[in-house]
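Below is one structure; the comments refer to it alone.
The values are calculated or read from the model by the stated rules, or taken from the named source; none is laboratory data. Keep in mind that what you see is a predicted model, and the values were worked out from it rather than measured. All Cβ positions, glycine included, derive from the backbone under ideal geometry; neighbour counts span all protein chains shown.
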Amino acid sequence: MSEQSVVVGRTRDEMAKRLAQDIPSGSYVNLGIGIPELVAKFVPDGRTLIYHTENGLLGMGPSPEPGEGDPELINAGKRHVTAIPGAAFFHHADSFAMIRGGHIDLCVLGAMQVSKDGDLANWSTGAPGAIPAVGGAMDLVAGVKSVYVITQHCTKHGDPKLVDSCTFPLTGRKVIDRIYTDLAVIDVTPDGFRAVELSPGVDFEYVQERTGAPLLPIQN
Amino acid sequence: MINKQIQSAADAVADVFDGAVVMIGGFGEAGSPIELIHALIDQGASNLTVVSNNTGSGEVGLAALLKAERVAKIICSFPRTANSTVFPDLYRSGKTQLELVPQGTLAERIRAGGAGIPGFYTPAAVGTPLSEGKESREFDGQEYLLERGLTADFALIKGRIADTFGNVIYNKTARNFGPPMAMAAKCAIVQVDEVVEPGQIDPEHIVTPGIFVSRVVGVSNPAFESELVAAGESYP
């Protein structure tokens, strides 16, 4: 193993754990597929969150035991889930009324790119021949009160995902409030990206070098 | 005496005509009315416009209807499935057109259509490629897109229990698009595990009131996409 491959910053679990600290008890939360789903594992003891899944369940519980799944009790990623005591089922138009109507407190999504203005691209590379598929992402970012992104700071190829302006097709314009990456927690402000917190062992210059737009320093 | 029960899935879809707009319920396999879809494949109607959230898995159910090249156009939010190449092949060859719609906009277009509302404004998709060609308007300083309500000639829906008046209850997250599609179709056809007499469902528990439902078909032990795909089945 070369020295360059030493892990810098937070792991996926640590990113999810960091984000989980910032969700107040009693919040109605929609977690996207992938790293966002991990957040549920790290909610601090004593806090109760109600999870919404846009296919029609409020009060989503953890995955069932293997073999115990019900094909008609699934999440937005089409995986088997459970329903907690106090859960509610509803149809899609009501589910998206919860989303669009501003009733959901927080949505956590993955990202391909986020711009300094809070634009999000997370549904399509725009590559010719790709099958376009959008699901509920555009409704979520348009309607949920707070929208957080959780993502690696850079792509597998080392390109910044936090950029001046998105080059991939947008999911929404000026919709992201805060970004949690392996390297830092960053707010989207009217003045652009602002560092809120650096991951342990990571310095500001390291993050700035890997960010595709100016990063404002942490405000004390 | 009202009795909306039809004895077979084949009889229930017998009058679906070439060129019809057909809404098909389901989110993934949850709520997918496989037996009604298979009956529609057998019946032979073609050149259909289908409104459905997904495009099916493997080569059963909705994917089988697509593979049989009965669908000229699909209005859909997520036409991609890990285990099916049916729709991607049709899309790339130009045999099936796609109108891609954000999931919440799709649900609301169906609901609005069923509620007699021809158009509405939504904040979803503003500033994205899916806003192209759409009228926009500002309300209270925010931009919204005009979206049209959707109606259909037929809807194929899966419920859990219906009575012979057409009142329906659903099963968990299989409810998904059923209630709004029942409202939006001239002829909503609902397959259920169990058909009961009026009065056997508590009126407080009814999710889709019978006025929205034209036909009810009992299909006990309905199939699931994942089980058929795992068994390597294709239809027909």
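Residues checked against (1) facing chain B (nearest Cβ under 9 Å); (2) in contact with a helix residue (DSSP H, G or I) (Cβ under 6 Å, 6 or more places away or on another chain); (3) assigned to a strand (DSSP E or B); (4) not basic (Lys, Arg):
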{"residue": "A:64", "(1), (2), (3), (4)": "no, no, no, yes"}
{"residue": "A:68", "(1), (2), (3), (4)": "no, no, no, yes"}
{"residue": "A:76", "(1), (2), (3), (4)": "yes, no, no, yes"}
{"residue": "A:84", "(1), (2), (3), (4)": "no, no, yes, yes"}
{"residue": "A:88", "(1), (2), (3), (4)": "no, no, yes, yes"}
{"residue": "A:93", "(1), (2), (3), (4)": "yes, yes, no, yes"}
{"residue": "A:107", "(1), (2), (3), (4)": "no, yes, yes, yes"}
{"residue": "A:118", "(1), (2), (3), (4)": "no, no, no, yes"}
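Contact annotation: no residue pair with Cβ atoms under 6 Å, 6 or more positions apart or on different chains, pairs a residue in region B:206-218 that is within 11 Å of residue B:182 (Cβ to Cβ) with a partner that is modelled with pLDDT under 95. Among the residues of region A:23-41, which ones are surrounded by fewer than 20 Cβ atoms within 10 Å (Cβ to Cβ), over 9 Å from the mean Cα position of the chain (by Cα) and closer than 18 Å to residue A:139 by Cβ? Scanning region A:23-41 gives a single hit, A:28.
Yes or no, residue by residue, for (1) touching a residue at least 60 places away in the same chain (Cβ under 8 Å); (2) assigned to a strand (DSSP E or B):
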position	(1), (2)
B:107	yes, no
B:113	yes, no
B:125	no, no
B:144	no, yes
B:150	yes, no
B:156	yes, yes
B:160	no, yes
B:165	yes, no
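Here residue B:169 fulfils each of the conditions (1) in contact with a helix residue (DSSP H, G or I) (Cβ under 7 Å, 6 or more places away or on another chain); (2) within 12 Å of chain A (Cβ to nearest Cβ); (3) more than 20 Å from residue A:138 (Cβ to Cβ); (4) crowded, with 24+ Cβ neighbours inside 10 Å apart from (4).
The residue list B:148, B:111, B:175, B:137 contains one member that is at the interface with chain A (Cβ under 7 Å from one of its Cβ atoms) and in contact with a strand residue (DSSP E or B) (Cβ under 7 Å, 6 or more places away or on another chain), which is B:175. Where helices (runs of 4 or more DSSP H) fall wholly inside region B:1-101, the ranges with 1 or more residues that are closer than 30 Å to residue B:133 by Cα are B:61-67, B:86-92. Inside region B:42-78, can you point out the residues that are on the phi > 0 side of the Ramachandran plot, within 14 Å of chain A (Cβ to nearest Cβ) and touching a strand residue (DSSP E or B) at 6+ places or on another chain (Cβ under 7 Å)? Selection gives B:56, B:58.
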